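Some notes on the structure that comes next.
The values are calculated or read from the model by the stated rules, or taken from the named source; none is laboratory data. Just so we're clear, the structure is a prediction, and the values are computed from it rather than from any experiment. Cβ atoms come from the backbone with ideal geometry, glycine included; neighbour counts cover every protein chain shown. In case anyone asks, the SASA skips ligands and DNA or RNA and just uses the protein heavy atoms, side chains included. Shrake-Rupley method; radii C 1.70, N 1.55, O 1.52, S 1.80 Å.
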Amino acid sequence: MEKIKLGISSCLLGENVRYDGGHKLDRFLKNTLGEYVEYVSVCPEVECRLGVPRESMHLEGDPDSLCLITTRTRQDMTQRMVKWAQRRVIKLEKDALCGFIFKSDSPNSGMERVKIYNKNKKPIKKGVGIFAGIFMAHFPLLPVEDERRLHDPVMRDNFIERIFALKRWREILKKKETRGNLVDFHTKHKLLILAHSPRHYQMMGKLIAGQKSISLQELNRQYQTLFLESLDLKTTPKKNTNVLQHMMGYFKEQLSIGEKKELLEVINHYRLGYIPLVVPVTLISHYVHKYDQPYLRGQVYLNPHPLELQLRNHV
Ligand code: SF4
């Protein structure tokens, strides 16, 4: 697989583009995740030719009609930024990004809870940065996060799982489009989908079962929407436990009573939050290889992203 292309706010890569000439380097994003992705760096304020250093700015108004105002000289930069952002998102279409990591709190790059100042100079945290808002409206199903949310292990796991899943989907679309390729893709992703959304699992199963009644193009379109929607819903210990127990059912014949008891105990300890997900998944993977279980061997759920990122190691 080629490297995954991800958009990112430039200051998170350590580029000295902030209003004060500094940066906000995030080492996990640059060094660890950077091993697996190719970043497309975007600094709205620099690309809008506001220079470095520059006057700081903030959002004013109400959440539905925001203004971008410089804090000292009170220049209104809204139209300039909006026009640039509308052109920039069209250019970004060519990059086929699998997601975007925004800088939190920024009046241009923040994706949520950005401060909006009212006449009394009291901020409320309800804003979306100008560029981030235009980006998310243009690419509504694309995975997006900010660096602060990515410090949460659950959010991080979910975001990285989604960008790898989207990349695999894009690779399938690059191949000759056939119904067989789609069915194969769906088969491999079934348990991953189930871990995110049992409802989408049902809907996608029905879509695949009734596929012959719609054109392949429409089938791909509907499938993509459901696939991305499903992965946007977070996994939980309860949903993962359901998947783990489902997988255990494939070894009814092979496992001894003692092995079944041990596996059930490991799954239960995971459900109760005593051990991380990687433990039952590793034990099941061991049985998958030992007993050569072909359906489970193909399941992306067992290996959705590189082990080195240690994403399933949290409790
Ligand atoms: S937060 Fe956004 S606009 Fe500000 S320096 Fe970083 S990339 Fe540039």
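Of everything in region 108-129 that is in contact (Cβ under 8 Å) with a residue 40 or more places away in the chain and among the basic types (Lys, Arg), the residue that is nearest to the ligand (Cβ to nearest atom) is 115. Check whether at least one residue in region 130-148 is within 16 Å of the ligand (Cβ to nearest atom), more than 16 Å from the chain's Cα centre (by Cα) and β-branched (Val, Ile, Thr), and report yes or no. Checking region 130-148: at least one residue is within 16 Å of the ligand (Cβ to nearest atom), more than 16 Å from the chain's Cα centre (by Cα) and β-branched (Val, Ile, Thr). Scanning region 82-107 for residues that are more than 18 Å from residue 6 (Cα to Cα) and either near the ligand (Cβ under 9 Å from one of its atoms) or open to solvent by less than 10 Å² (accessible area, probe 1.4 Å) (or both) yields a total of 3.
The rows are residues; the columns are (1) at pLDDT 95 or above; (2) farther than 20 Å from residue 155 by Cα.
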| residue | (1), (2) |
| --- | --- |
| 43 | yes, yes |
| 48 | yes, yes |
| 65 | no, yes |
| 92 | yes, yes |
| 105 | yes, no |
| 128 | yes, no |
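Among the residues of region 19-34, those that are in contact (Cβ under 8 Å) with a residue 60 or more places away in the chain and either in contact with a Ser or Thr (Cβ under 7 Å, 6 or more places away or on another chain) or outside any loop (DSSP other than H, G, I, E, B) (or both) comprise 28, 29, 32, 33. Of all the numbered requirements in (1) closer than 20 Å to residue 143 by Cα; (2) not in a helix (DSSP H, G or I), residue 229 misses one, and that requirement is (2). Within 18 Å of the chain's Cα centre (by Cα), open to solvent by less than 30 Å² (accessible area, probe 1.4 Å) and either under 22 Å from residue 112 (Cα atoms) or more than 11 Å from the ligand (Cβ to nearest atom) (or both): does that describe residue 68? When the stated conditions are applied, residue 68 does not pass them. Here region 128-186 is the region considered, the condition is being among the β-branched types (Val, Ile, Thr), in a helix (DSSP H, G or I) and under 25 Å from residue 66 (Cβ atoms), and the residue that is most open to solvent (accessible area, probe 1.4 Å) is 134. Taken over region 47-63, residues that are open to solvent by 50 Å² or more (accessible area, probe 1.4 Å) and either within 9 Å of the ligand (Cβ to nearest atom) or touching a residue at least 24 places away in the same chain (Cβ under 8 Å) (or both) amount to 5. For region 263-287, filtering for residues that are exposed (fewer than 13 other Cβ atoms within 10 Å of the Cβ) and assigned to a helix (DSSP H, G or I) leaves 2. Is region 294-313 home to any residue that is of a type in the set (Lys, Arg) and free of Cβ contacts under 8 Å to residues at least 24 places away in the same chain? Yes, region 294-313 contains at least one residue that is of a type in the set (Lys, Arg) and free of Cβ contacts under 8 Å to residues at least 24 places away in the same chain.
Among the residues of this structure, residue 22 does not count as one that is within 13 Å of the ligand (Cβ to nearest atom), open to solvent by less than 70 Å² (accessible area, probe 1.4 Å) and over 27 Å from residue 116 (Cβ atoms). Being touching a Gly at 6+ places or on another chain (Cβ under 7 Å), among the aliphatic types (A, V, I, L, M) and within 16 Å of the ligand (Cβ to nearest atom) is a property that residue 12 lacks.
Touching a residue at least 60 places away in the same chain (Cβ under 8 Å), within 22 Å of the chain's Cα centre (by Cα), open to solvent by 30 Å² or more (accessible area, probe 1.4 Å) and within 11 Å of the ligand (Cβ to nearest atom): does that describe residue 5? It is false that residue 5 is touching a residue at least 60 places away in the same chain (Cβ under 8 Å), within 22 Å of the chain's Cα centre (by Cα), open to solvent by 30 Å² or more (accessible area, probe 1.4 Å) and within 11 Å of the ligand (Cβ to nearest atom). Checking the structure you have, find out if any residue of region 243-250 is within 21 Å of residue 160 (Cβ to Cβ), more than 22 Å from the chain's Cα centre (by Cα) and either of a type in the set (A, V, I, L, M) or surrounded by 17 or more Cβ atoms within 10 Å (Cβ to Cβ) (or both). Scanning region 243-250 turns up at least one residue that is within 21 Å of residue 160 (Cβ to Cβ), more than 22 Å from the chain's Cα centre (by Cα) and either of a type in the set (A, V, I, L, M) or surrounded by 17 or more Cβ atoms within 10 Å (Cβ to Cβ) (or both).
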